[in-house]
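Here is the structure we will look at.
The values are calculated or read from the model by the stated rules, or taken from the named source; none is laboratory data. Everything numeric in this text was worked out from a predicted model, so none of it was measured. Virtual Cβ from ideal backbone geometry, glycine too; neighbours counted across all protein chains shown.
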């Protein structure tokens, strides 16, 4: 009952690319397993092997190897549903998850692998007062001073990364690396991640992302004017932050990002997104093209891609043209030939120049104009706007310092091309601005985007306004913000005469916890008939807890539709219609198993101790072979 093993996943990827480099070896427990022949892999990858100790360009820090290990190791934690904290639990597809985000991301990797369209995170900036997650407990105390700090409900430590800490950058890097590594696995091939950061760790954040996502996949590093007022901070009034933008695969995402640009205009008491108007006067039709007005754009683009670098011959002069140094053509040679036949390529006004692309107004007007990479406060809003939004929702109380405004997230949702049914993830959820923006975005265009918020339940300061108002941790504030934002958005939609019946205003809450299964170990001397038949499920766990632990094993998302039925006096869960049938009751008989098998689910799960007698366990596989041979059966 563990999450996916990152090392095993990587071995499978290498096996697909270099089958000869995969071999059989002996694992730690002495049993055969797959392994990588690194000598052969070196031969496949390079003629000039970089020997150990040879100088090279690299980015490293103390305990980096442990950070990589932390990303790949599986977890045996589980996500327990909390109906009492949820809104419309049985119908919503939105998720709010409380717990250490590294453990949660590993669990999500089981069934959301490649399924998330957009990620936004606003991680700790490492200002000297931020809490960071301490994942490494094996570092020797004589290397660095022992970290003392708080523990969350699972016993995981958090430490204040202060200037006096000898691991000022190291702590932060070791915290961020594994989380970004796992997050990349969750992104779809056309997915994109936006990361807010300030000057304290901007350079390290970029180097991390260059390594994890590939430096060729950076889309932009956007300065955002996060406040408009002048403050006497130091020598300068620091009024900006950065937003790093990386695509999972820029070749697929680059055009979508460019075609989704928008402006944010102030309306009433909130910012709303609208496409930037395309300047019509820049388009003309000197050749009376039936497709209407057009303008000539360069046919080359930044960076060098070998498959997009080829000679183009001017049909008038016969001169061959290559992309300018450091650039490539927009399309491959086959797409260029098609565009040329379609009359979309021209060679300057006199036909004797370099290749250019015809861009037609009618085809571009709905996408709007390309925006610049400077996010000014008048267009995007500031943290002051974010503070006012939260205060307005909570009756004037200030529970967060400098939260991001929804206008910023709405802008990023447009840039990320988040469309209907896409999943948006924020694993440093904080004040839940991302969830608020996703719902606002859906209200604007009738979409059904889904959010997944992840937040560690950090305790609020006992002297803070939030604590005095009854919010003992950040998660309590975030969930309440979503509830209140939902109510406000629904009221605004109804006032404008919009249909709210199809909007998803709910969210399922899950809380990270230890496995539902007991860790039971007995030596031969301790083994008896009583220990052999000990129940392997913890006493405080419910059938629904077990259901959500097995759903990822069956490739089911945590938001899937769940129905309960009574079959022969037993409670049976059916998930995603008939995809999964699960029964965690005791005293299951052949009659119950037969009735479930006749429903022919794709998966069936039961507890080992749930059989009324041993013969049920002996017979249940045969019963499924008789009535539903295609069902995959699992006993936990």
Taking segment 391-419 only, how many residues are over 19 Å from the mean Cα position of the chain (by Cα), more than 18 Å from residue 124 (Cα to Cα) and crowded, with 23+ Cβ neighbours inside 10 Å? 1
Tell me the residue from 472, 487, 463 that is at pLDDT 95 or above and surrounded by fewer than 16 Cβ atoms within 10 Å (Cβ to Cβ), please. 487
Residue in segment 282-290 that is within 26 Å of residue 216 (Cβ to Cβ) and in contact with a strand residue (DSSP E or B) (Cβ under 9 Å, 6 or more places away or on another chain) present: no
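Pick from 426, 445, 422: which is free of Cβ contacts under 8 Å to residues at least 40 places away in the same chain and either farther than 19 Å from residue 183 by Cβ or under 17 Å from the mean Cα position of the chain (by Cα) (or both)?
Numbers: 426 fails: free of Cβ contacts under 8 Å to residues at least 40 places away in the same chain; 422 fails: free of Cβ contacts under 8 Å to residues at least 40 places away in the same chain.
None of the others qualify; the one that does is 445.
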Selected residue (only one of 519, 540 is surrounded by fewer than 16 Cβ atoms within 10 Å (Cβ to Cβ) and at pLDDT 90 or above): 540
Those residues of segment 500-516 which are touching a helix residue (DSSP H, G or I) at 6+ places or on another chain (Cβ under 8 Å) and more than 16 Å from residue 436 (Cβ to Cβ) amount to 500, 509, 510, 512, 515, 516
Residues of segment 334-343 being part of a helix (DSSP H, G or I) and in contact with a strand residue (DSSP E or B) (Cβ under 8 Å, 6 or more places away or on another chain), which ones? 336, 339
Within segment 614-627, does at least one residue satisfy the condition of being surrounded by fewer than 19 Cβ atoms within 10 Å (Cβ to Cβ) and either outside any helix (DSSP H, G or I) or in contact (Cβ under 8 Å) with a residue 40 or more places away in the chain (or both)? no
Give me a count of the residues in segment 466-492 that are over 25 Å from residue 559 (Cα atoms) and touching a residue at least 12 places away in the same chain (Cβ under 8 Å). 5
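Quick check on residue 611: is it under 16 Å from residue 553 (Cβ atoms) and crowded, with 18+ Cβ neighbours inside 10 Å?
no
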Only one of 51, 47, 63, 85 that is surrounded by 16 or more Cβ atoms within 10 Å (Cβ to Cβ) and at pLDDT below 95: 63
Say we look at segment 585-601 and pick out the residues that are assigned to a loop (DSSP other than H, G, I, E, B) and touching a strand residue (DSSP E or B) at 6+ places or on another chain (Cβ under 7 Å); which of these is surrounded by the most Cβ atoms within 10 Å (Cβ to Cβ)? 601
Qualifying positions in segment 215-263 - surrounded by fewer than 17 Cβ atoms within 10 Å (Cβ to Cβ), modelled with pLDDT under 90 and within 23 Å of residue 186 (Cα to Cα): 215, 216, 251, 252, 255, 256, 258
What tally of residues in segment 494-505 results from selecting those that are surrounded by fewer than 16 Cβ atoms within 10 Å (Cβ to Cβ), closer than 19 Å to residue 91 by Cβ and in contact (Cβ under 8 Å) with a residue 24 or more places away in the chain? 1
Residues in segment 381-389: is at least one under 24 Å from the mean Cα position of the chain (by Cα) and modelled with pLDDT of 90 or more? yes
